[in-house]
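Any read-out appearing in this document is the output of simple, stated calculations on the displayed coordinates, not a laboratory observation. Just so we're clear, the structure is a prediction, and the values are computed from it rather than from any experiment. Backbone-built Cβ (ideal geometry, glycine too); neighbour counts: all protein chains shown.
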């Protein structure tokens, strides 16, 4: 149990376009989900915390209008990178906190390349 | 000073060795402690989840928490080449705040 999926696993897009990444908890409910960004050889950088049915909380320095987060159900959160630029190229990872616990499970990640 | 300190390594051991990975922390409010394993280009995988002080064993893995010293450890017995990965410690307080990660230790187990 405790599986989190992410789709797509990798995506290449042109500069100026938008990309949507989906994160699903497959076998548990998650009122709270998280979005991270990871650069090579570095630890995870939290971008935002999303709670089902409410607005996401963004970390300092993360542009909320650029990284749109929607947490529409207890098993699905989406991250949309709007007007993507090459500097947005990165590895994006979501995680889901199992309801009733502090256990946090991660998805396999999405590699975004903006050309 | 970072809230969680973890030696980044790299750490190289021969197959079959016992591996000891450690983290120290400064925030006494941390109550839940986790260890994750991350393979290259993959998301972290939760290995161990413990609450407060004590030991927890799961197969070849043992997690130890010493709250009085603000020190946590992960031991891997009979290490295998497939254990080669980056190991991240993480912790959270009981208010449900953000998971705070260590820098990660890169482990290589040589056949």
Check your understanding: For chain A, what value does the Rg/Rh ratio take when both radii are computed over Cα atoms and Rh is the Kirkwood radius, given to two decimals?
Key -> 0.95
Review point. Between region A:17-44 and region B:1-29, what's the alpha-carbon centroid distance in Å?
Key: 25 Å
Point to revise | Gyration tensor verdict on region A:1-46 (Cα atoms; rounded if a/c is under 1.5, prolate if a/b is larger than b/c, oblate otherwise) | key: oblate
Practice item. Sort the following peptides by mean Cβ neighbour count (other Cβ atoms within 10 Å, averaged over residues), highest first: A:41-47, B:54-60. Key: A:41-47, B:54-60
Review point. Where does the protein assembly as shown land on Rg(C-alpha)/(2.2 N^0.38 Å)?
Key: 1.03
Review point. Averaged across the residues of A:43-52, what count of C-beta atoms belonging to other chains lies within 10 Å of each residue's C-beta?
Key: 3
Point to revise | Hull-based mean projected area of chain B, where the convex hull spans the alpha carbons, in square nanometres | key: 6.7 nm²
**Study point:** Gain in span if fully extended, residue A:51 to residue A:99, counting 0.36 nm per residue against the direct Cα distance
**Key:** 16.1 nm
